[in-house]
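What follows draws every value from the coordinates through simple rules; no lab data is involved. Values in this document were obtained by computation on a predicted structure and should not be read as measured data. Glycine gets a Cβ as well: all are built from the backbone with ideal geometry, and neighbour counts include every protein chain shown.
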2 protein chains.
Amino acid sequence: MKLTIRKDQLNDAIQQVSKASSSRPAIPILGGIKFDVTHQGVTLTASDTDISIQSFIPVENGEFVIAKVERPGSVVLPAKFFVEIVKKLPSDEIEIEVKDHHQTSIRSGSTDIQMVGLDPEEFPVLPTIEESESITVPGDLIKSMIRQTVFAASTSEQTPILTGALWNLSEGQLKFVATDRHRLASRTATVQAENDYKFSNIVISGKTLNELSKLVADDNSEVEIVVTANQVLFKMGNMLFYSRILDGTYPDTSKIIPQNFKTELVLHTKKLMDAIDRAYLMSREEKTNIVRLITQEDGTIEISSSSTELGRVTEQLEVKEFKGESLRIAFNSKYMLDALKVIDSEYLFIGFTGAMSPIIIKPTDHPHSLHLILPYRTTG
Amino acid sequence: MKLTIRKDQLNDAIQQVSKASSSRPAIPILGGIKFDVTHQGVTLTASDTDISIQSFIPVENGEFVIAKVERPGSVVLPAKFFVEIVKKLPSDEIEIEVKDHHQTSIRSGSTDIQMVGLDPEEFPVLPTIEESESITVPGDLIKSMIRQTVFAASTSEQTPILTGALWNLSEGQLKFVATDRHRLASRTATVQAENDYKFSNIVISGKTLNELSKLVADDNSEVEIVVTANQVLFKMGNMLFYSRILDGTYPDTSKIIPQNFKTELVLHTKKLMDAIDRAYLMSREEKTNIVRLITQEDGTIEISSSSTELGRVTEQLEVKEFKGESLRIAFNSKYMLDALKVIDSEYLFIGFTGAMSPIIIKPTDHPHSLHLILPYRTTG
C-alpha cells in the first residue's frame, strides 16, 4: 500500500471514524483505524464492536485531486496517535507507505514517522446489511429527536435495556422513547418510509445516539436509516455508522401515561424554567433536588425549595390557563429542568392526576413531544 | 442592613471576590462573602486566609445610581450559592435586607430568597498594610510575566517554597523566577518604582498568581503593588487582592545558569515548537517524554523520539545560526514545549554546555526572558 493524500480530507475522515475506536481497547486492534486503499479511494474503518464507523475518501472530487494511489493495500494504525499527529503534520500532503510486517512510513514535509502497523486481517468484520427497506430523515430532525429524548435514558448498567432509546416506526411515524423509570421523554415525527414499512422494539444505546448526533452534518442533509435484526445502519454522505441493537424487550410505557387530568396548567416555558432553575440551586444542596409546586388562591402558582443550611427560595409564577383542582406536589427539579430545556414551544401544558401520580408536560404548539415525571412522595 | 443594588454591578463584584472563598471551607465562615454596607457603598470581602479579595461598589458612578442604601450594616453570606443565584435573578434590581440573627432576605422580581446569614464579627480580619513604597506595573505586563514564569513552578507540596515564583526588585528592575529543580523560567521588566525601592526573596504561590492574572482587567490599566513583611497587596481599580508571602528562603538559582556555551543554535521558534510537539506526541506514550536533538553534518538538526509500541518520529530542522561543537542531547519534550510556548520572539537562541549540563533558551529579540532545562542522562 502506497499513496499520497491531502491532509485536510484525511484529517476530517479520521476524526469521524475515530469516534468508534476504543480509547482503552481490550485488544490493540480495536484501538486502530483500518485503511483499505484501492484505485477508487481510501476506506477508513474503526469499530469498538458496539459501533462501527466507515468513511470513504474518493481519489478525486470532480476536478480536485484528493489522493494519488500508487499501490493498493490495507493496514491498521493506532487511532489515538494517528489522529493527533495527522493534524499537526507540516505539509498539506501526506505520503503513507506500508512495508513488510505492516511497518508503515508516514512522510510530510521534513517529518518522517515510522509506525508499528497491525494486521488488517485481524480487524473485526463489519456486519453485512442486506439492502432492504429504509427510512430517510433530515439531519436536523434526527438530531432534535435524539436531544429531546436521550437525556431521559438510564445511565445505570443494572437495567441495560433502559440505557437505550426505543424506536418504533408505524404508518410513517417514527417514535423515540427514553425512560429511567423516574421520568420519560418521547418524540414523534413523520418520516419518508416505503409503503407499510414498520419496525418495533428497536433499542439503541443513548451513548451511541449522542455520538451519532455529533457526526450528523450541520447542513441538514438527509440520513438514511436501515434497520436489521441486530444492527441499525445510518448512511450519511460518504460515511456509514453501524450501531448494535440492545438485547431485550423494552418495557411497555404506554399504560403509565395518564390521559385525563385533575389539574391542568398552561405556563410560559422560559419563565417556568428560570423559576425552577433558581429553586434547583437551593434544592441541590440537599441532594434530593426536591422542589414544591403549589397552586394559589389568586390563580398563580408558587414554586419553592429549601435547605437547612442555606435557607429557602420562593417563586411566584403567573399562569396562562388553569383548570381543575388546587394542588400541592413535589418533584425532582433536575428532571423537570431537563425536560423544560428541550421543549420547543413558547408555552407548555402541565397535567396532574394527583400528588402521587405522574406529571405530564407537553408543548402547546405541536403534539410531537411528551414528558413524564414521577412526583416525590413527601410529607407536609 | 438594607439596600437595593443593580444586579450587573453586584454580579461583577461577587464573581471577583468569590475567587478567594474556599470551595471546601474548613469552617463555614471561610466559604462566605462579607458585605459591609455604608452610605458610600458596598464593600465585599472573601478570604481563604492565603488570599483575600476585596471589591468596593460605590453607591453611584457619576450620574448612574448603582445602589440605594436604606440602612448600613454587615453580614456574611455563603459564596457558592449566592454567586450562582445572583446572575439568575429575574430583575435588574436586587433588594437585600438583613434581619434578626443575620437572617437575610433577597428579593428580585417575583423571587424571594431567605438566606441563613453568618456573623460578620467571625469573619477573618484582613491584614493591615501600611502604605509605604510601591511599584506600578501595567496590567498586560504583569499578566505576561506570570504566564512566562509560573508554569515552571513546582506542583509538589514536598518543597512548598518551589510552588511559588520568586520576586526581586532592584534598580527599577522587577524579576520573576520559577523553578521545579528540572527547569527554570525567568522574566525581567522595568517598572515604575520610587527611588532605590527594592525587595528580595518575595515568593508568591503560583496558584495565587494565576488567580491574580485572571482578575487583572483586560484594558491594560495599572496595577499598584505594595510589598510588606508577609503580604503583598495588589490594587486594581476598586479591587484589592492580598496574597500571603510563602515562608522560607528561595534557593539561589543564579549559579546554575551557564554563561558560556559549547554549542550555540539560533532557530525559528514556531518551527522548533511544531517539530518538538510532534515528537512529544510519540514520546508521551513512554511517559518519560524523552526527545533527542542531534546536530547533523549538513548543518541541520534532527529531533526524534520513539516508543516501542508505536514507532518513531524524526524531524529535520534548518538552523539559522550554528556555532561550536556537534551535539547529541536528550530532554523532556513537555518542558521544552512549555518554554517555547511563552517565548515571544520569532527566533530563539539555544545554548548547550554538554550533554549533561543545563540547556539555556532565550528569545533573540530582547534580553527579558531566560529558560533553563536540565537534560536527561540517556544511553546511546
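For chain B, what does the convex hull of the Cα positions come to per residue, in cubic angstrom? Mind showing how you got there, number by number?
Details: hull volume 67.8 nm³, N = 380.
Spread over its residues, the Cα hull of chain B gives 178 Å³ apiece.
One chain, two ends: residue A:338 and residue A:125. Fully extended at 0.36 nm per residue, the span grows by 72.8 nm beyond their Cα-Cα distance. Which angle from 0 to 90°, rounded to the nearest 10, does the C-alpha axis of helix A:7-17 make with the longest principal axis of chain A? Here the helix axis deviates by roughly 50 degrees.
With a Förster radius of 22 Å applied to the C-beta separation of residue A:328 and residue A:286, the computed FRET efficiency comes to 0.75.
Using 1/(1 + (r/R0)^6) with R0 = 51 angstrom and r between the beta carbons of residue B:190 and residue A:189, what's the FRET efficiency to the nearest 0.05?
Efficiency computed from Cβ-Cβ geometry: 0.15.
Each residue of the stretch B:353-360 is assigned a 3J(HN,Hα), and the resulting list reads 10, x, 5, 10, 10, x, 9, 10 Hz, derived from the Karplus form 6.51 cos²θ - 1.76 cosθ + 1.60 (θ = phi - 60°), x at Gly and Pro.
Within the stretch B:2-122, how many lysine pairs that are 8 or more places apart, or on different chains, have C-alpha atoms less than 13 Å apart?
7
Count Lys and Arg as plus one, Asp and Glu as minus one, and take only other residues whose Cβ is under 12 Å from that of residue A:312; the net charge is then -4.
Take each residue of peptide A:302-313, count the partner chain Cβ atoms within 10 Å of its Cβ, and average: the result is 4. The same position residue B:101 in the other copies lies at 7.8 nm from this copy, comparing label points 7 Å beyond Cα toward the beta-carbon, shortest first.
For residue A:66, the residues whose modelled amide H falls within less than 5 Å of its own, excluding neighbours fewer than 5 places apart on the same chain, are A:60, A:61.
Take residue B:316, push a point 7 Å out from Cα through the beta-carbon direction, and compare it with the same point in every other copy: 8.0 nm, smallest first.
How much mean residue ellipticity at 222 nm does the protein assembly as shown get from its helices, if each DSSP H run of length 4 or more adds -39500 (n - 2.57) and you divide by all residues, to the nearest 500 deg cm²/dmol? One gets -5000 deg cm²/dmol as the mean residue ellipticity at 222 nm. Top mean-square fluctuation among A:341, A:255, A:198, Gaussian network model of chain A, C-alpha springs under 10 Å? Of A:341, A:255, A:198, the Gaussian network model singles out A:255 as fluctuating most.
Taking a straight Cα-Cα cut-off under 22 Å and skipping sequence neighbours fewer than 8 places away in the same chain, the lysines within cross-link reach of residue A:198 are A:143, A:175, A:235, A:255. Mind checking the angle between helix A:206-215 and chain A's longest principal axis? C-alpha axes, 0 to 90 degrees, to the nearest 10. Computed tilt is about 60 degrees. Estimated from the Cβ-Cβ distance and a Förster radius of 45 angstrom, the FRET efficiency linking residue A:156 and residue B:161 is about 0.40. Here the Karplus relation 6.51 cos²θ - 1.76 cosθ + 1.60, evaluated at θ = phi - 60°, turns the backbone of the stretch B:170-176 into coupling constants of 7, 6, x, 9, 8, 10, 10 Hz, with x for every Gly and Pro. Per residue, the average separation of C-alpha pairs within less than 8 Å and at least 6 apart gives chain A a relative contact order of 12 percent. Taken along its principal axes, the alpha carbon cloud of the protein assembly as shown reaches lengths of 92, 79, 43 Å, longest axis first. With one equal scatterer per alpha carbon and no solvent term, the Debye-computed log10 I(q)/I(0) for the stretch B:135-244 at 0.14, 0.18, 0.22 1/Å reads -0.51, -0.86, -1.30.
Chain A comes nearest to the axis taking it onto chain B at the Cβ of one residue; that residue and its distance, in whole Å, are A:23, 15. Okay, which of the stretch B:278-292 sit inside 12 Å, backbone N to the point 7 Å along the Cα-Cβ direction of residue B:308? Hits in the stretch B:278-292 for residue B:308 at 12 Å: B:286.
Averaged over peptide A:273-284, the number of partner chain Cβ atoms lying within 10 Å of each residue's Cβ comes to 3. Sorted shortest first, the distances from the residue A:367 label point to those of the same residue in the other copies are 8.3 nm; each point sits 7 Å from Cα along Cα-to-Cβ. Here the mean projected area of the convex hull built on the C-alpha positions of the stretch B:178-242 is 5.6 nm².
The label-point distance for residue A:262 and residue B:300, in a model that sets each label 7 Å from Cα toward Cβ, rounds to 8.2 nm.
Modelled label positions at residue A:63 and residue B:134, each set 7 Å beyond Cα in the direction of Cβ, lie 6.7 nm from each other. Among residues other than residue A:279 with Cβ under 14 Å from its Cβ, the summed charge is -1 (Lys and Arg +1, Asp and Glu -1). Computed from phi, the 3J(HN,Hα) profile of the stretch A:241-254 under the Karplus parametrisation 6.51, -1.76, 1.60 (θ = phi - 60°) reads 10, 9, 10, 5, 8, 5, 6, x, 10, 6, x, 7, 9, 5 Hz, with x in place of Gly and Pro. In whole percents, the pair-distance distribution calculated for the stretch A:2-122 from its alpha-carbon pairs, binned every 10 Å from zero, is 14, 49, 32, 4, 0.
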